[in-house]
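One structure is given here, and the rest of the page talks about it.
The values are calculated or read from the model by the stated rules, or taken from the named source; none is laboratory data. For clarity, every value in this text was computed on a predicted model and none was experimentally measured. As a convention, Cβ positions derive from the backbone with ideal geometry for all residues, glycine included, and neighbour counts pool all protein chains shown.
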Amino acid sequence: MNPTPLPPHPPSSPATSVLIVDDQPMQRFGFRMLLESQDDLRVAGEAGTGSEAVRLASQLRPDVVLMDIRMPGMDGIEATRRIVSTDAENAPRILILTTFDMDEYAYAGLRAGASGFLIKDALPEELLAGVRAVAAGDAIVAPALTRRLLDAYVHHLPAAPGSPAPPDPRVASLTDREREILTVIAQGWTNTEIAARLHLAESTVKTHVSRILAKTGARDRVQAVIVAYDAKLVEPA
């Protein structure tokens with residue numbers, strides 16, 4: 001029985017450009033075929049190594065980088081870190097591909113600056129939705145999964161020697177309400193849950209979240225959760 005073809009997504013202008021990074025040519029070919037079947041997506045280029053990904057990301061300026069993690073030489077984690085650090089404000093969104101959702105590589109990729117991750121055997125529609133989500137500035141990792149992942153691997157961070165670390169400057173300018181909302185975001189609450197439990201309008205919550213992202217320099221909710229952990233607003237469960 002032939003699989004049902006994916007319906008084309010309504011075209012948008014301009015199309016979202018994607019750089020495919022994977023050391024397996026057949027894997028890149030499959031991603032290219034899938035992405036090019038959609039009117040609102042286009043393949044900007046392909047890279048087979050992390051160093052090539054860094055070069056092409058700078059040269060081609062894609063909207064999204066579909067990044068494999070495990071590659072010989074420079075891996076996807078280091079490539080992600082270099083791409084994001086070059087020009088954090090204008091850097092492409094990174095969507096990393098990993099083998100397991102509770103994978104140390106997924107954790108490392110998020111800490112390096114990725115906006116989300118997908119399992120390598122994700123359904124085609126899940127991959128397409130993920131590319132579109134990160135291109136729109138949304139993080140595609142559920143907040144609850146982000147917390148589980150950080151709880152599992154945050155102990156890998158080196159402990160600061162001597163006296164306690166100074167307050168994190170990224171949260172210094174947050175109001176008490178913004179700090180409260182950042183804390184519950186890091187605990188896995190959605191905007192709807194925040195609105196209901198804190199007795200706020202959902203539009204008000206969205207405004208607070210936007211201000212939190214701007215003040216902390218976080219590019220999305222995933223990076224905001226990492227800021228909350230770094231600033232010790234939440235502790236591992």
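Taking the stretch 53-72 on its own, how many of its residues are in contact with a Phe, Trp or Tyr (Cβ under 7 Å, 6 or more places away or on another chain) and either within 13 Å of Arg28 (Cα to Cα) or in a helix (DSSP H, G or I) (or both)?
Of the residues in the stretch 53-72, 1 are in contact with a Phe, Trp or Tyr (Cβ under 7 Å, 6 or more places away or on another chain) and either within 13 Å of Arg28 (Cα to Cα) or in a helix (DSSP H, G or I) (or both).
Out of the residues in the stretch 99-132 that are at pLDDT below 85 and part of a loop (DSSP other than H, G, I, E, B), state the one that is surrounded by the fewest Cβ atoms within 10 Å (Cβ to Cβ).
By that ranking, first place goes to Asp121.
Given the conditions (1) over 17 Å from Gln223 (Cα atoms); (2) at pLDDT below 95; (3) surrounded by 14 or more Cβ atoms within 10 Å (Cβ to Cβ), and given that Ala53 satisfies all but one, which numbered condition is not satisfied?
So the condition that Ala53 fails would be (2).
Just to verify a result, which residue in the stretch 56-74, among those that are closer than 17 Å to Arg111 by Cα and among the charged types (D, E, K, R), is surrounded by the most Cβ atoms within 10 Å (Cβ to Cβ)?
Selected residue: Asp68.
So for the stretch 213-226 (the condition being out of contact with any Lys or Arg (no Cβ under 9 Å at 6 or more places or on another chain) and either at pLDDT 90 or above or aromatic (Phe, Trp, Tyr) (or both)), does at least one residue qualify?
Checking the stretch 213-226: at least one residue is out of contact with any Lys or Arg (no Cβ under 9 Å at 6 or more places or on another chain) and either at pLDDT 90 or above or aromatic (Phe, Trp, Tyr) (or both).
Of these, Ile96, Ile140, Ile77, which one is touching a strand residue (DSSP E or B) at 6+ places or on another chain (Cβ under 7 Å), modelled with pLDDT of 85 or more and crowded, with 19+ Cβ neighbours inside 10 Å?
Selected residue: Ile96, the only one of Ile96, Ile140, Ile77 that is touching a strand residue (DSSP E or B) at 6+ places or on another chain (Cβ under 7 Å), modelled with pLDDT of 85 or more and crowded, with 19+ Cβ neighbours inside 10 Å.
Of the residues Val222, Val227, Val234, Val209, which is in contact (Cβ under 8 Å) with a residue 24 or more places away in the chain, in a loop (DSSP other than H, G, I, E, B) and either among the β-branched types (Val, Ile, Thr) or under 12 Å from Ile181 (Cα atoms) (or both)?
Residue meeting the stated conditions: Val234.
Among the numbered conditions (1) surrounded by 19 or more Cβ atoms within 10 Å (Cβ to Cβ); (2) at pLDDT 85 or above; (3) not assigned by TED's automatic domain parsing to the domain that holds Glu104, tell me where Thr146 comes up short.
So Thr146 meets the others, but not (2).
Looking only at the stretch 187-206, count every residue that is among the small types (Gly, Ala, Ser) and either part of a helix (DSSP H, G or I) or out of contact with any helix residue (DSSP H, G or I) (no Cβ under 8 Å at 6 or more places or on another chain) (or both) and tell me the total.
Final tally of qualifying residues: 3.
What number of residues within the stretch 21-51 are in a helix (DSSP H, G or I) and in contact (Cβ under 8 Å) with a residue 24 or more places away in the chain?
Qualifying residue count, the stretch 21-51: 6.
Report, by residue number, each residue of the stretch 17-76 that is more than 18 Å from Leu123 (Cα to Cα) and basic (Lys, Arg).
Passing the criteria: Arg42, Arg55, Arg61, Arg70.
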